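These notes concern the structure reproduced below.
Since every read-out is calculated from the coordinates, none of them should be taken as a lab result. No experiment lies behind these values; they were computed from the predicted model shown. Ideal geometry is used to build each Cβ from the backbone, glycine not excepted, and the neighbour counts take in all protein chains shown.
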Amino acid sequence: MSAPTTTPGTAVNSFRRAAGLFASGVTVVTTRNGAHLYGITATSFVSLSLNPLLVAVSINAHSPFLEEVDTAGRFAVSVLENGQRDVSQYFSTRGRGRAEGAFPGVATHEEQTGAPVVTGCLSWFDARLHAILPGGDHRVLIGEVAAAGGTAGRPLLYWAGGYRRLDAADDGTPDDRIEAFADALSVRLHESGLSPQELIEAQSALEPAAAELAAFRRRTDGLAALREALEGSRAAASSSGRFTQESVAFHAALGVASGNPAIAASLQSLARSCHAHYAAGTDAEATRRTLVAHQEIYDAIATGDAVRAREATTEHLSVVGRRLCRPAGPAATATKEP
């Protein structure tokens, strides 16, 4: 009896499903070249050898992180603690891993090699580059450990497409499930690509409705999330990178404020695409206009003016769309407004 045949596509899908059922810790792998920092999120990390002390992490073969480590000759692996989901999402969002001097909003420190270690992580390994080995469409980064350490706490786990707790019977809170859905959708959007025009179309379909619902419901947690993002944007106005991060958080907070979990998850995933598209080109005028628009949206929601909340959000996205989707060329200066 012949063995059942499996098409290449089916084999890949089966492999992904099987691999996704292997629960793994979440790590951030970082390196430093002078003042230039680079970090990525990775789950394929293992301790490799005790003599010598070696660790290994698998990195996509096309990732520029490999060249950065090869040049720097050092890297650090930070094993994230259960409360550091935001750190994982920061480094897994396209466009955020590179920084000068420091990672915006993520505290780090140095141990032996000078590679940044995420402060507050569960454990860390500071390593000098030992080898980079081929591994199909990935490369295996091997480091000789110069120093290592850890603290008490619980690990951040990733299993079956979402973040999990140690208790296998715990299927997560509603917020956990929203995060898991948003993570899965973000991965799909990243794999398929999302053009600026498609991004604006999706935002324009969802965010005005979210703002209207938020004004009807005026949820305490939603208003708090919007205020936090608005205040964070003001505080970061002098730094385009940090401002983009905080102002994009305002758009995601509209989903929380809507009280609808499907809208909340969708806007969270779109917010990560927003950051990738908006990260470059935010100037002082765009910053000012964004703050005014976000304040107007918040005021309408806080006072329960659902009509104005929808209108203000629509107007804001119209301005964003004109900036984001304008043709490239000498007359089209890239000044995008998040």
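Judged by the mean number of other Cβ atoms found within 10 Å, the most tightly packed of the peptides 127-133, 43-49, 29-35, 263-269 leads the ranking 263-269, 29-35, 127-133, 43-49. Assign one of three labels to the stretch 197-237, namely rounded, prolate or oblate, based on the Cα gyration tensor with a ≥ b ≥ c the square roots of its eigenvalues; rounded applies when a/c is under 1.5, prolate when it is not and a/b is larger than b/c, and oblate otherwise. Since a/c reaches 1.5 but b/c is at least a/b, the shape of the stretch 197-237 is classed as oblate. By the gyration tensor of its Cα atoms, with a ≥ b ≥ c the square roots of the eigenvalues, what is the shape of the stretch 48-90: rounded for a/c under 1.5, prolate for a/b over b/c, or oblate? It is oblate, given that a/c is not under 1.5 and a/b is not larger than b/c.
Name the shape class, rounded, prolate or oblate, that the alpha-carbon gyration tensor gives for the stretch 17-138, where a ≥ b ≥ c are the square roots of its eigenvalues, rounded holds for a/c under 1.5, and otherwise prolate holds if a/b is larger than b/c and oblate otherwise.
rounded
Between SER47 and HIS62, full extension at 0.36 nm per residue minus the direct alpha carbon distance yields a gain of 3.0 nm. Stokes-Einstein diffusion of the stretch 78-152 at 10 °C, 1.306 mPa s viscosity, Kirkwood radius from Cα pairs, rounded to a whole number: 115 µm²/s. Taken one residue at a time, the phi angles of the stretch 240-253 give Karplus couplings (6.51, -1.76, 1.60, θ = phi - 60°) of 4, x, 5, 5, 4, 4, 6, 6, 5, 4, 4, 5, 5, 5 Hz. Gly and Pro are set to x.
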